[in-house]
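The values are calculated or read from the model by the stated rules, or taken from the named source; none is laboratory data. All of these numbers come straight from a predicted model, not from anything done at the bench. FYI the Cβ positions are ideal-geometry reconstructions off the backbone, even for glycines, and counts take in every protein chain you see.
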Amino acid sequence: MATADPRAAMPGRLHGLMLRHEMVLAAILVAALFVLSLQTDRFLTTDNLLNQGRLMAEIGLIALPMTYIIITAGIDLSVGSIMGLCAIMLGYGWKNLGLPLELSIALSLLIGTIAGAVNGWFITRVRVPPLIMTLATLALYRGLAEGISQARSVRGYPDWFFVLGQGELLGVPTQLWLLLVATVVAAVVLARTSFGRMLYAIGSNETAARFSGLPVDRCKIAIYALSGFTAGLAAWIFVSRVSTTRSDMGTGVELDVIAAVVLGGTSIFGGTGTILGTALGVVLVQLLKNGLALTGVKGDATIVVIGSVLILSILVSNWLRARRGVD
Amino acid sequence: MAIAIGGRTRRLRRIVVGQEGVLLAAIVLLFLVVGALNPRFLAETNLQSIFLGNAYIAVAAIGMSMVIISGNIDVSVGSLIGCMATLSGSLAVAGWPIPLSWLVPIVASMAITSVMGFLVAYLRIPSIVASLGMMSILKGSLIIVTGGAWISNLPDGYALAQMRPLSVPMPVWFMVVLTAAAAAWMRYSAAGRAIYAVGGNAEAARLAGISRERVVMMVFMVHGLFAGIAAVLFATQLSVIQSTVPPNLELTIITASVVGGVSILGGTGTVVGSTLAAVLLAAIGSSLIFVNISPYWLRAVQGVLILATVLADLARRRRQAAHR
């Protein structure tokens, strides 16, 4: 969108642009780390940072497919509700349907994938705009979660179930390993495979992508299904971390995730964005929340800072882009 | 729009088969069916709670409809209403003259949405991002300032929403008069038409000499006006104000706009539709209890309703395109 001259080496230019945004983010991150560690000595400790990694896993995982989706100029507002639905199905299948817990987990992941695929199907085949489709399913999936559970919670899971959410592997929280691996895979797929290039192509000019013979519809259904699957995975981690199942789980997660992705430099208009940027965005949001809480800022007040940072970072990167456009 | 020959029948047809007609029919049908199943649904107290308790949602949906028609969205409106309701109550308790405690939040609300309008129109931040940021800021600020405490001991004469001029409750007056005024403004004034123009085709609007920046700015300010009025109605309907953000309020308001026929693609829709939809949604919410369905299914019903409306809208557009 910013590059007025398509003949100039697009990927190179685009790359430079993104790098700038990520540099800005990395600078903010370092500055925040520095300032916060001066304020309190409980912030920059291994224990605290690892614990933050544990809390970050759900948002971080969902942010990966969300980056893909926003790169194609789409959006998925229903991820928080899918998370709630999957959490409920996990508990419901085990407690009420009497399934083995393993099967119930698989069922909930499957339902998450289907929920995402339904979004993708309507968006591509019926041409419902992503914002409105996922707004509808934001209400619908949460409604199903509430209706099925009737606001009853499920507890009493066996010990092995808590390994994912509360366990450790080589001193690092289990779900942080999962997040790290998923992030690397997502980054490689986006940057180094034809599938990744296709996402950028769809986001920059969908019509052109279609005429070039790219399977646009199938690709979009796949990423929305992936988003649903990941939300299911996040639900599993979340239930395992807090040891109970409730229908309001994941409420508002979509906003945290979108904030992190947009903060990471992915344009809401599609066509640009990187997984590295998203990862930085996720880390920045989590550390700001934690650091401010430790320095005595009341819990919910930290969202003021996050909202401001979100708007400011877009302003700065718009300004950088405009300046580059002038050059 | 109306062509001289057959203009009247065409207009009539549009009213009957248009979104407003469908909504009106749905409301009547709902009242008849649920009333037949359980006559207590039609009792005066229940009808009152449907209209009184939800009129502020219809008022807020008017402004939201304009925002969506202009091709934007505001997800912060729920937090805005929560903040302004708290502001209004705090001023009244602090001993400000009552009319001021109604007016100041409305002006403050317009100031806040102007900031958002400026970000969207002139600094070109997408409205979803700007309002997402604004939502965090408002929600957080509210908690910092109030600590979530309830506001009570409101002075006499403050409860605007409980007044009944000509024995019609005040919120209903506001809902009807504001809807009519906004509908007329959007249909007949140049500024109102400009909103459709910008939302329908920004480039064509620009070539016609309409400034997108100014129209978007104006839309957000008008939206702030309606959100402010909605906040005052919300604040004054009970004798305490909870000083928290009502959960999912923004979603309910956006749902009313969309189900009312405002196309999220921008450019089409009416505020009459959004008000009817707000009434329909409120009636559905209330009816579930009367036909023995657990209220926990309400949101699923809302979701299905949005989806059905959008699909019907798309189908209608496609049929129209095929006829051309």
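A quick yes/no check of all residues on (1) surrounded by 16 or more Cβ atoms within 10 Å (Cβ to Cβ); (2) in contact with a Ser or Thr (Cβ under 7 Å, 6 or more places away or on another chain):
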site: A:GLY116; (1), (2): yes, yes
site: A:TRP121; (1), (2): yes, no
site: A:VAL128; (1), (2): yes, no
site: A:THR137; (1), (2): yes, yes
site: A:TYR141; (1), (2): yes, yes
site: A:GLN150; (1), (2): no, yes
site: A:VAL154; (1), (2): yes, yes
site: A:ALA182; (1), (2): yes, no
site: A:ARG197; (1), (2): no, no
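Only residues that are among the polar types (S, T, N, Q) and touching a Ser or Thr at 6+ places or on another chain (Cβ under 6 Å) were counted across the stretch B:266-301, and they come to 2. Quick check: anything in the stretch B:89-98 outside any helix (DSSP H, G or I) and of a type in the set (Phe, Trp, Tyr)? Among the residues of the stretch B:89-98, at least one is outside any helix (DSSP H, G or I) and of a type in the set (Phe, Trp, Tyr), which makes the answer yes.
Could you please tell me which pairs satisfy a Cβ distance under 6 Å, a separation of 6+ or placement on different chains, a first residue in the stretch A:21-46 that is more than 30 Å from A:ALA322 (Cβ to Cβ), and a second residue that is in a loop (DSSP other than H, G, I, E, B) and modelled with pLDDT under 80? As it stands, the answer is A:LEU36/A:PHE43; A:SER37/A:PHE43; A:SER37/A:LEU44; A:GLN39/A:THR295; A:THR40/A:THR295, since those pairs meet every condition given.
Among the residues of the stretch A:122-178, just one is more than 11 Å from chain B (Cβ to nearest Cβ), among the acidic types (Asp, Glu) and part of a helix (DSSP H, G or I), namely A:ASP159. Every condition in (1) closer than 30 Å to A:ASP159 by Cα; (2) within 12 Å of chain B (Cβ to nearest Cβ) holds for A:VAL242 except the one numbered (2).
Checking the structure you have, find out if any residue of the stretch A:101-117 is more than 19 Å from A:SER153 (Cα to Cα) and within 12 Å of chain B (Cβ to nearest Cβ). Yes: the stretch A:101-117 contains one or more residues that are more than 19 Å from A:SER153 (Cα to Cα) and within 12 Å of chain B (Cβ to nearest Cβ).
Can you give me the number of residues within the stretch B:90-134 that are under 22 Å from the mean Cα position of the chain (by Cα), within 14 Å of chain A (Cβ to nearest Cβ) and among the aromatic types (Phe, Trp, Tyr)? Matching residues across the stretch B:90-134 total 1. Look at the stretch A:252-263: where a residue is more than 7 Å from chain B (Cβ to nearest Cβ) and assigned to a loop (DSSP other than H, G, I, E, B) and a partner is crowded, with 24+ Cβ neighbours inside 10 Å and at pLDDT 85 or above, sitting 6+ places away or on another chain with Cβ atoms under 8 Å, you get A:GLY252/A:GLY80.
The residues of the stretch B:151-199 that are of a type in the set (Phe, Trp, Tyr) and assigned to a helix (DSSP H, G or I), listed by number, are B:TRP173, B:PHE174, B:TRP185, B:TYR188, B:TYR196. A count restricted to the stretch B:19-43 and to residues that are aromatic (Phe, Trp, Tyr) and under 12 Å from B:VAL279 (Cβ atoms) stands at 1. Annotation: of all residues in the stretch A:22-64 being among the acidic types (Asp, Glu) and in contact with a helix residue (DSSP H, G or I) (Cβ under 7 Å, 6 or more places away or on another chain), the one that is farthest from A:GLY165 (Cα to Cα) is A:GLU22.
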